[in-house]
Structure formats: structure tokens, C-alpha cells
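Values in this text are rule-based calculations from the coordinates and carry no lab data. Note that the structure is a prediction, hence the values are computed from the model and not measured. Ideal geometry is used to build each Cβ from the backbone, glycine not excepted, and the neighbour counts take in all protein chains shown.
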Amino acid sequence: MSNEEVQEQPRPMQPQTMGLAIAAMVCGILAFCIPVIGFALAILGIVFGVKARKSIAASAGTLKGEGLALAGLVCGIVALGIGFLWLIALGMFAGIGRLFWYNWSSCPGLY
């Protein structure tokens, strides 16, 4: 057999993992870990997750990462919800503390 007789068959293309799907998952997970910028990371995780899922669905099998995009989307939504609950709780405690301080500071003879 000579080199001319042996022809390489083209390999079928492997689907590539979409970078936005990875970014969505990383942002969604980091939104739990970094409280200062957690809101921004949660929103980025949601946006990246939605865009990645749309692109993967439209790619006809050439892109993969649906699970990563979904994980980033869910983590971003949950982190955003927990962040809002923390803000509500913080506002309630600040309001209760202000009421408590106002009532006690207005009593004569305590200070």
C-alpha cells in the first residue's frame, strides 16, 4: 500500500463547550461566595445563562454546555433571591433598631 492509497477519513466534529455557559456557571456560583458584588455576579450569571441556552439550542448540535448554562441560570436566580431577602432583613433590623433607639433615647432621666 502506498501513501496515495490510504486516505484519511474526515473526523466528525466534536461539539464545543460554549464559553458563555461556563461563564454563567462561574458567575452564578461566585454570586454565593462573594457577598459584596454578588448582585452583579448573579445578574451576569442569569444573562449569560439565557444567552448560552439560546445559542446552544440554535447551534444544531455543534455547541454543548446546556447543563452548565442551566446551572448558572439557576444559581444566579437563587443568589439574587437570597440577596434580596438579606436586604429586606437588613432593612427590617435597621428600622427596628432605629425605633428602639428613638423610644429609649426620648425617655428623661436615662442620660
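In the distance distribution for segment 27-69, Cα-Cα pairs more than 12 Å apart total 58 percent.
Pop the C-beta distance of MET92 and ILE43 into the FRET formula with R0 = 30 Å and round what comes out to the nearest 0.05.
Numbers: r = 24 Å, r/R0 = 0.79.
The formula returns an efficiency of 0.80 here.
Pairs of C-alpha atoms in segment 17-104 farther apart than 19 Å represent 47 percent of all such pairs.
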